[in-house]
Amino acid sequence: MGAHRSAAAGSVVRMSSTRPRSLSDWLRTRSDAWLAGLLRARPDLALPVPADMGVLASRIGVRVSAGRALEELDAFSLQVLDGLLLAGATSSYAELRELLDDEVPDGAVRSALDRLRDLAVVWGEDDEVHVVGSVRDLSSPYPAGLGRPVSTLVAALTDTQVAPILGALGLPAQRQPGATDSIAGVFANLGQVRDLLATCGESERSVLTQLDAGPPLGQLPGAQRPIIMAEGTTPVRRLLVHGLLVAVGPETVELPREVGLALRGDAPLGPSRLSPPPIRAHDIGQSTVNKTAAGQVLTALRQIEQLLDMFGVDGPPVLRSGGLGVRELRRIGKTLDLTQQQAAFYLEVCVAAGLLDHSPNVDPHWLPTRTFDVWLARAPEQRWEQVATAWVEMTTWPGLIGQKDDRDKSINALSFDVTRTWAATVRRRTLDVVALLPAGSALGAQGVVEQLAWRWPRRAFTGRAELVAAVLAEGEQLGLLGRGGLSGAGRLVLSGGDAAAALAPVLPEPVDHVLIQADLTVVAPGPLEPALAREIAVVADVESSGGATVYRIDERTVRRALDSGRSAADLQELFATRSRTPVPQALRYLVEDVARRHGRLRAGAATAYLRCDDEGLLAELVADRRTASLALRRIAPTVLVAGVAVKALLDALRGAGYAPVAEDPNGAVLLSRPDSQRLASHTRHRRAAATIPSDEQLAAAVPKIRAGDRAARNARRMPIDTRVPGVTTAATLELLQQAVHEERQVWLGYVDADGAASQRIVDAVSLSGGFLQAFDLTAGAPRTFALHRITSAALLDPAD
């Protein structure tokens, strides 16, 4: 069959001299729109712009580029490619159609073949289709799970190994290579192969069926040991004797292609992979999905704001190896009531969104950027859209944090070790599958994996359910997903639409009040207005969050509010005006009690001192065992000095239950509200994704490639000119003047100021002052050429 096909193909080539003879010739026949589509589908081909079609064809054949193109194919397109690979060096649509199930529609086959052409995986028209060489090298040596032809397998056997096969097939004894030809002749006859299969017992048939499903290799100890006919009683040995299996290694046997095709009958390529697996989604309801996601959006925004506020006050240092230390990450998680993985995820998203960076000085720390302040001033839906878009496109994989690298060291958050080139692709592909579901439906991680395995079977991440599960969990944490379903706003993030506008109606309106309970908890029945949220955050800590946020007020939080400059009257007014429930008496007493004791003790630098008008309180401090480590010493009836710094003194006294405040040298109270630090700009440019050419760049690239191709082809037809620069003949001037007058294109030989020679095709515009003004079609831009550097010139026919 293969020999007949090759001969037929050769005859067609001889009859038609216009048939493309190479990939570059075929590319020249394609339209500009098709070439732009190729560069868009395979952007690595476009940068830098290929000089001509020959260069483009060479890039198409690069193994890395071809591998990326194969990763974009679905299971059915790869099955069609397997059919073309089985056909040999050259195939046709008709031959491909014979290999596929009759139930597969012609339209689906042609669509898959066009897809292969559009990615330049194959080239040529329907009557002569070629597979790009590097694609053939990257594909499995067993297309469609079928082994190699029996002639290839038997040719590697010795005369001793071939002799039993000849005898079992009833062929005369002969030496190689004649023995190979004889055996191949038997297996070329489908009827004879089926007769051999009919003699197989159930156990032998089971072995063949297992290998026919692919791959066609099996393990057999002593496979290449010379076969004794008496040993043919075991199933595998009998298959070896009759050539239905062939030994290809010391312990390896292979099922010949002809046997596999006979076993498969009317489905040479195996079961059709035309359709993806059925989607087993469960309906949740889009309204439920949107509401659940919106609730998580508010939680995520609040936690990100708290995280960055914390970093603005006390930015953790950057490790010498880069990233954030494990102890710092643990401290952040404990402070904000987050798991370490959740905290690490938010940190990576903040860096991707430009909200967090490290300072550029000698002792770098992680600090919020000024973009964070701009972000805070925006509406909640706009803030969410910024971080959600950054998450989808970021090239880091937070799930790696805490794992061991190849040096058995733990991978730190915000380090370069979490960067993965495949991260954005995995995230995008997973979410694209979820986006294909009906609105309000959800699909588990295993269901998504099944869909990915059909849509992108050659992607390395396809079978890794843990990666898919990580994407779904992160999407839930950030609010793109709700109960496994994609929210309306999340769908627009993926498509590049106005996600903020879609999210705004779903988010609850900010509330201007709270509910203060008798147990000193404050309930916010919805998202608080920004000003109220800041005031409550000063005087209370978050206890739980969800549809409503619960805050807790205690002595420590009241003291914190007083330290920040609020007075007892300010706090009482806040509670009275903002609470829809009566202010509990216990809360009023707590505020007054803490305020009465607040500031009675004053600390300053001595190393540190304490002063107080209450001599009894100072005496209590000196006698208190809990303050023994401070080395307090009375130097006056109302003054004590300590052997520790002011900050340590204040922390120790507060830990012992006292309420001191700091004062300046003039005796004025120092407010302890910390100054929040900011970086001037986003100083780092790491983790950049691969450059994708814009549509404008692609549109400009195609004319440049065609112009360069014309220049290259015309350069091969032009004689070599050996004149040196500086000698411009009258004939050259006359030719250039004619080109300007007739608006003709000119082929130029030119030497630039560095002495580099080149050939160009230009549209001559004007000629004056010793310079030619022209539009360089090769570069796609106007250029000025010095006449004394033009070494040769020729007018091009309009047909060129």
Long-range amide H contacts for Val318: which residues qualify at under 5 Å (H placed 1.01 Å from N, peptide plane, sequence gap of 5 or more or a different chain)? His365, Trp366
Helix axis angle, 286-313 relative to the chain longest principal axis, alpha carbon, degrees: 60 degrees
5 Å is the cut-off here: which amide hydrogens, built 1.01 Å from N in the peptide plane, fall below it relative to Glu543, excluding neighbours closer than 5 in sequence? Val550, Tyr551, Arg552
From largest accessible area down, sort Val362, Val374; use a 1.4 Å probe on the protein chains. Val362, Val374
Using alpha carbons only, how many degrees (0 to 90, rounded to 10) separate the axis of helix 568-578 from the longest principal axis of the chain? 60 degrees
Top positive-direction residue, dipole computed over the chain with Cβ charges, set Gly399, Pro317, Val550: Pro317
For the range 69-141, which whole-number percentage of the solvent-accessible area (1.4 Å probe, protein heavy atoms only) is attributable to carbon and sulfur atoms? 45 percent
Any idea of the accessible area per residue across the chain, 1.4 Å probe, to the nearest Å²? 47 Å²
From the phi of every residue in the range 262-267, what ³J(HN,Hα) in whole Hz does the Karplus formula 6.51 cos²θ - 1.76 cosθ + 1.60 yield, where θ is phi - 60° and glycine or proline is x? 5, 5, 7, x, 7, 10
Relative contact order in percent for the range 444-601 (Cα pairs under 8 Å, 6+ apart) equals 15 percent
How large is the convex hull of the Cα atoms of the range 555-614 per residue, expressed in Å³ as a whole number? 89 Å³
In sequence order, what are the phi-derived ³J(HN,Hα) couplings for the range 156-172 according to the Karplus relation 6.51 cos²θ - 1.76 cosθ + 1.60 with θ = phi - 60°, rounded to whole Hz, with x for glycine and proline? 8, 8, 7, 4, 5, 6, 7, 3, x, 5, 4, x, 5, 8, x, 9, x
At 1.4 Å probe size, with the rest of the protein present, what percent of the exposed accessible area of the range 247-316 is carbon and sulfur atoms? 53 percent
Would you grab the residues whose amide H sits under 5 Å from the one on Leu356? Only those 5+ places off in sequence or on another chain, please, with H modelled 1.01 Å from N. Val351, Thr369
Which trypsin sites (Lys or Arg not before Pro) from the range 266-335 combine a DSSP loop assignment with at most 10 other Cβ atoms within 10 Å? Arg280, Arg320
Identify all lysines with a Cα-Cα distance to Lys334 below 26 Å; exclude those on the same chain that are fewer than 8 residues away in sequence. Lys404, Lys409, Lys647
Protection-proxy order for peptides 200-209, 468-477, 510-519, each taking the mean of Cβ atoms within 10 Å per residue, highest first: 468-477, 510-519, 200-209
Computed over the chain: relative contact order in percent, which uses C-alpha pairs under 8 Å that are six or more apart: 11 percent
Mean Cβ count within 10 Å, highest first, over the residues of peptides 486-497, 558-569: 486-497, 558-569
Summing +1 for each Lys or Arg and -1 for each Asp or Glu, what net charge is found among the other residues whose Cβ lies under 14 Å from the Cβ of Gln340? +1
Does anyone have the angle between helix 465-478 and the longest principal axis of the chain? Alpha-carbon axes, 0 to 90°, nearest 10? 40 degrees
Heavy-atom accessible surface of the range 553-592: percent carbon and sulfur, 1.4 Å: 51 percent
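The values are calculated or read from the model by the stated rules, or taken from the named source; none is laboratory data. In this text the structure is predicted, and so the values were computed from the model without any measurement. Every residue, glycine as well, gets a Cβ built from its backbone with ideal geometry; the counts of neighbours run over all protein chains shown. Each accessible area value is taken on the protein alone, full model and side chains, heavy atoms only, with ligands, DNA and RNA left out. Shrake-Rupley method; radii C 1.70, N 1.55, O 1.52, S 1.80 Å.
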